[in-house]
1. Exactly one condition in (1) exposed (fewer than 13 other Cβ atoms within 10 Å of the Cβ); (2) in a strand (DSSP E or B); (3) in contact (Cβ under 8 Å) with a residue 40 or more places away in the chain; (4) not aliphatic (A, V, I, L, M) is not met by Gln75; state its number.
2. Going through Lys18, Lys56 one at a time, which residue ends up being crowded, with 17+ Cβ neighbours inside 10 Å, among the charged types (D, E, K, R) and modelled with pLDDT of 95 or more?
3. Can you run down the residue pairs with Cβ atoms below 8 Å, 6 or more apart or on separate chains, where the first is in region 114-141 and at pLDDT 75 or above and the partner is basic (Lys, Arg)?
4. Out of the residues in region 98-123 meeting the condition of being in a loop (DSSP other than H, G, I, E, B) and aliphatic (A, V, I, L, M), tell me which one is surrounded by the most Cβ atoms within 10 Å (Cβ to Cβ).
5. Restricting to region 45-61, give me the number of residues that are assigned to a loop (DSSP other than H, G, I, E, B) and either within 17 Å of Asp86 (Cβ to Cβ) or not polar (S, T, N, Q) (or both).
6. Residue by residue through region 12-44, note down the ones that are part of a loop (DSSP other than H, G, I, E, B), farther than 16 Å from Pro84 by Cα and either within 11 Å of the chain's Cα centre (by Cα) or of a type in the set (Asp, Glu) (or both).
7. Could you check Val9 against (1) part of a loop (DSSP other than H, G, I, E, B); (2) under 14 Å from the mean Cα position of the chain (by Cα) and say which number it fails?
8. Looking at (1) of a type in the set (A, V, I, L, M, F, W, C); (2) closer than 29 Å to Ala127 by Cα; (3) buried (at least 17 other Cβ atoms within 10 Å of the Cβ), find the lone condition where Leu26 falls short.
Amino acid sequence: MSKKGVLVVVSGFSGAGKGTLMKALLDQYDNYALSISATTRAPREGEAEGREYFFKSREEFLRMIEEDALIEYAQYVGNYYGTPKDYVLGNMDAGKDVILEIEIQGALKVKEKFPEAVLVFVMPPSAGELKRRLIGRGTEP
């Protein structure tokens with residue numbers, strides 16, 4: 001029987017460096033699966049269904065909420081974002097350690113449902129560096 005994977009939740013401010021850390025971790029180790037969130041927002045240029053997000057209509061997302069198909073979800077800037085339960089549990093059952101890169105409120109919801117989950121909060125080096133990253137990105141509302 002194979003070992004069940006561990007659930008790791010990584011949270012932090014937008015621009016803190018979560019994505020950079022996740023990329024380095026996934027490039028170096030093959031036992032991690034980065035969870036893919038569902039969202040009602042439109043895809044950005046270069047994003048693909050099932051790679052960056054599972055893009056859902058508002059109706060589909062609300063159905064997922066009703067069917068308890070999400071581990072956690074939140075509404076941000078008029079769009080819904082959430083973690084599909086089947087995707088996470090399927091990877092964990094296959095022995096993969098699953099990483100959720102989500103905001104802090106979602107992280108606390110996950111911890112309530114999965115007390116064994118490991119929570120990691122990423123901080124930017126400084127407020128000035130965070131501001132530089134966000135301005136340089138040009139994608140924040």
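1. Of the numbered conditions (1) exposed (fewer than 13 other Cβ atoms within 10 Å of the Cβ); (2) in a strand (DSSP E or B); (3) in contact (Cβ under 8 Å) with a residue 40 or more places away in the chain; (4) not aliphatic (A, V, I, L, M), the odd one out for Gln75 is (3).
2. Among Lys18, Lys56, only Lys56 is crowded, with 17+ Cβ neighbours inside 10 Å, among the charged types (D, E, K, R) and modelled with pLDDT of 95 or more.
3. So the pair list comes out as Ala117/Lys111; Leu119/Lys111; Val122/Lys18; Pro124/Arg133.
4. This residue is Ile102.
5. Total satisfying the criteria: 8.
6. Selection gives Asp30 alone.
7. Among (1) part of a loop (DSSP other than H, G, I, E, B); (2) under 14 Å from the mean Cα position of the chain (by Cα), the lone unmet condition for Val9 is (1).
8. (3)
The values are calculated or read from the model by the stated rules, or taken from the named source; none is laboratory data. On a predicted model such as this, the values are computed, not experimentally measured, just so you know. Backbone-built Cβ (ideal geometry, glycine too); neighbour counts: all protein chains shown.
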